[in-house]
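The values are calculated or read from the model by the stated rules, or taken from the named source; none is laboratory data. Owing to the predicted nature of the structure, the values given are computational and were not obtained by experimental measurement. Cβ atoms come from the backbone with ideal geometry, glycine included; neighbour counts cover every protein chain shown.
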Amino acid sequence: MRSLCVVVPKSEGEFNRKKLSELGILRTDLKIHGQDDILFIPVIEEPDFDIVMGDAEFEEVELFPGYKELADVPKELKPLLPTSFDVVGDICVLKLADELLPHAAKVGEAIVKANSNIKTVVLDVGVTGELRTRNVEVIAGENRTTTTHTEYGLRFELDIASVYFSPRLAHERKRIADQVGDREIVIDMFAGVGPFSIMIARHSKADKICAIDLNPAAVEFLKQNIEKNRAENVEPYLGDADQLLSELPKASRIIMNLPHTALEFLDKALTKVMLGGTIHLYAIAETSEVDKIEKKIMDSGFGILISQIREVHTYSPTQSLFVFDIVKSGGTTHIKF
């Protein structure tokens, strides 16, 4: 997984690790690693002291060390126990191999025992439907699917059974917010409970963020989260982004976080973004398919510049989530790496 990081000489690594930990910005879900005499330390945000910053790939840390020993499953199935999980607030979202499904409750109980911060474990059966909701089943801990998730000092109320939320996009949300200039108008086409929109509102000087979602439950949580985080310049809209775009002002930036189908809405987004504006389009694909996505973007018929293509995180053994940063240039379509 990629992350913002501090880049320091190895001789200064432990000193800086402690300092970042004391500030509360050290990422403990990723492993620190080095190259030659340099150390890369993953962080949540840039520290307020002078230091070299970077962006690098990191290996995820096993979140609940020791849980495998606690899990009462047949010995031959132990190697199939997962080593990484999504954690949303105090809920662990778990995916299991088919062979482990009959033992799901025992795996969940072991995770709760291994980590006092986890109050509920749910089994993720997959994201389905037009409203992008997870099919989940509580298998251990408190019988609930509502929680409060915190990232970069912001708090998001949500129900993982009725809305979609990915904690893996925290760094990506902050990356986008850091790019937003003063007085920008932003459209978040598939806003969910508001993590992109509210991050931009609280970490930039954007003039207005129009946050759209088709899911009534998501928009209700979005409204709560706007109030909770004092993000007064976020305007919530319930409805189909494809239809609502015509009612909104031209935007300097559009976020298209609907990874399986965002490409279907690109033409509409390009008519709404200002000349020189940016679209952040997210797509799930195999590495070999990225070229095809590039071609579809270029075939849109608009003059655009793809200023960056980057892998955000892995999605499955063969696929990853990619972001395409697209600038409406008004000239000849081309790609920049």
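Residues that are over 14 Å from Q224 (Cα atoms) and of a type in the set (F, W, Y) within the stretch 142-196 comprise Y152, Y164, F165, F190, F196, listed in sequence order.
Looking at the stretch 89-102, can you tell me whether even one residue there is of a type in the set (V, I, T), in a strand (DSSP E or B), closer than 17 Å to E137 by Cβ and in contact with a Gly (Cβ under 9 Å, 6 or more places away or on another chain)? Yes, because at least one residue in the stretch 89-102 is of a type in the set (V, I, T), in a strand (DSSP E or B), closer than 17 Å to E137 by Cβ and in contact with a Gly (Cβ under 9 Å, 6 or more places away or on another chain).
Go through the stretch 1-27 and give me each residue that's part of a loop (DSSP other than H, G, I, E, B) and in contact with a strand residue (DSSP E or B) (Cβ under 9 Å, 6 or more places away or on another chain).
Here is the first cut: in the stretch 1-27, the ones part of a loop (DSSP other than H, G, I, E, B) are 1, 24-25, 27.
Selection gives M1, I25, R27.
In the stretch 52-99, of all residues being touching a strand residue (DSSP E or B) at 6+ places or on another chain (Cβ under 8 Å) and of a type in the set (D, E, K, R), the one that is farthest from I176 (Cα to Cα) corresponds to K95.
Provide a single number: the residues in the stretch 209-227 that are within 12 Å of V193 (Cα to Cα) and touching a residue at least 40 places away in the same chain (Cβ under 8 Å). Residues that pass the stated criteria total 7.
Please tell me if S162 is touching a helix residue (DSSP H, G or I) at 6+ places or on another chain (Cβ under 9 Å), closer than 26 Å to S3 by Cα and either outside any loop (DSSP other than H, G, I, E, B) or not hydrophobic (A, V, I, L, M, F, W, C) (or both). Please lay out each step first, then the result.
Numbers: touching a helix residue (DSSP H, G or I) at 6+ places or on another chain (Cβ under 9 Å): yes; closer than 26 Å to S3 by Cα: no; either outside any loop (DSSP other than H, G, I, E, B) or not hydrophobic (A, V, I, L, M, F, W, C) (or both): yes.
No; evaluated as a whole, the condition is false for this residue.
This table checks each residue for (1) surrounded by 15 or more Cβ atoms within 10 Å (Cβ to Cβ); (2) within 19 Å of the chain's Cα centre (by Cα).
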{"site": "I51", "(1), (2)": "yes, no"}
{"site": "E57", "(1), (2)": "no, yes"}
{"site": "P74", "(1), (2)": "no, no"}
{"site": "D98", "(1), (2)": "no, no"}
{"site": "H103", "(1), (2)": "yes, no"}
{"site": "I111", "(1), (2)": "yes, no"}
{"site": "S116", "(1), (2)": "no, no"}
{"site": "T133", "(1), (2)": "yes, yes"}
{"site": "T147", "(1), (2)": "yes, yes"}
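Scanning the stretch 165-193 for residues being assigned to a loop (DSSP other than H, G, I, E, B) and farther than 11 Å from F221 by Cβ gives a total of 8.
Please enumerate the residues belonging to the stretch 28-46 that are surrounded by 15 or more Cβ atoms within 10 Å (Cβ to Cβ), touching a residue at least 40 places away in the same chain (Cβ under 8 Å) and outside any strand (DSSP E or B). If you could, list the steps in order and put the result at the bottom.
Going residue by residue through the stretch 28-46, those that are surrounded by 15 or more Cβ atoms within 10 Å (Cβ to Cβ) are 29-30, 32-33, 39-45.
Now narrow it down to the ones that are touching a residue at least 40 places away in the same chain (Cβ under 8 Å): 43-45.
Result: I44, E45.
Cβ separations smaller than 6 Å between residues 6+ apart or across chains give the following pairs from the stretch 194-207 residues that are part of a helix (DSSP H, G or I) to residues that are of a type in the set (D, E, K, R) and buried (at least 22 other Cβ atoms within 10 Å of the Cβ): P195/R173; F196/R173; F196/D188; S197/D188; M199/R173. The set of residues in the stretch 285-307 being part of a strand (DSSP E or B) and exposed (fewer than 15 other Cβ atoms within 10 Å of the Cβ) consists of S307 alone. Residue count for the stretch 223-246 satisfying the condition of being out of contact with any Phe, Trp or Tyr (no Cβ under 9 Å at 6 or more places or on another chain) and either in a loop (DSSP other than H, G, I, E, B) or hydrophobic (A, V, I, L, M, F, W, C) (or both): 9.
Given the condition of a type in the set (A, V, I, L, M), out of contact with any strand residue (DSSP E or B) (no Cβ under 9 Å at 6 or more places or on another chain) and under 28 Å from A191 (Cβ atoms), answer yes or no: does some residue in the stretch 101-122 qualify? Outline the logic, then answer.
Let us first name the residues in the stretch 101-122 that are of a type in the set (A, V, I, L, M), namely 101, 104-105, 107, 110-112, 114, 118, 121-122.
In the following step, the residues that additionally are out of contact with any strand residue (DSSP E or B) (no Cβ under 9 Å at 6 or more places or on another chain) were identified as 114.
Next cut, under 28 Å from A191 (Cβ atoms) only: none.
For the stretch 101-122, residues of a type in the set (A, V, I, L, M), out of contact with any strand residue (DSSP E or B) (no Cβ under 9 Å at 6 or more places or on another chain) and under 28 Å from A191 (Cβ atoms): absent.
If a residue has to be part of a loop (DSSP other than H, G, I, E, B) and either at pLDDT 95 or above or of a type outside the set (D, E) (or both) to count, how many in the stretch 103-147 make the cut? Residues meeting the conditions: 12.
So in the stretch 1-18, with the set limited to residues that are touching a residue at least 24 places away in the same chain (Cβ under 8 Å) and basic (K, R), which one is nearest to D50 (Cα to Cα)? By that ranking, first place goes to R17. If you check V186 against the conditions, is it of a type outside the set (D, E) and in the same structural domain as M256 (by TED's automatic domain parsing)? For V186, the condition - of a type outside the set (D, E) and in the same structural domain as M256 (by TED's automatic domain parsing) - is met.
Of all the criteria given as (1) in a loop (DSSP other than H, G, I, E, B); (2) free of Cβ contacts under 8 Å to residues at least 40 places away in the same chain, the one not satisfied by P249 is (2). Of the candidates T120, T128, the single residue that is among the hydroxyl-bearing types (S, T, Y), more than 30 Å from P47 (Cα to Cα), out of contact with any Leu (no Cβ under 8 Å at 6 or more places or on another chain) and crowded, with 22+ Cβ neighbours inside 10 Å is T120.
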